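Have a look at the structure below before the remarks.
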């Protein structure tokens, strides 16, 4: 979880530099981190967490978007 918290912090701090398509994934990242934080702190019961079926796969579109922009920007810097 520390990596996800760090990712959310950086996203929040650098939001003004993010691509519009990346910004569309912000809420999903916030929800992912918040649900896991609540579960790990014990304020979200295991039964509720299991019913939510909260998985990292929900962040795959964000990862794909970041990768797409990284690849585009890297190519632009090389070319």
Open item on the list: For the chain, take the longest principal axis of its alpha carbons; what is the angle in degrees between that and the long axis of helix 26-41, to the nearest 10 within 0 to 90?
Closed with: 30 degrees
Task: Along each principal axis, Cα extent of region 2-78, largest first, Å - done: 50, 22, 19
TODO: Give the order of 55, 38 when sorted by the count of other beta carbons within 10 angstrom, beginning with the fewest.
DONE: 55, 38
TODO: For every helix of n ≥ 4 consecutive DSSP H residues, a contribution of -39,500 (n - 2.57) applies; sum these over the chain, divide by its total residues, and give [θ] at 222 nm rounded to the nearest 500 deg cm²/dmol.
DONE: -22500 deg cm²/dmol
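Every number in this text was worked out from the coordinates using simple rules, so none of it is lab data. These numbers were taken from a predicted model, which means no experiment stands behind them. With ideal geometry, Cβ positions are generated from the backbone for all residues, glycine too; neighbour counts draw on all protein chains shown.
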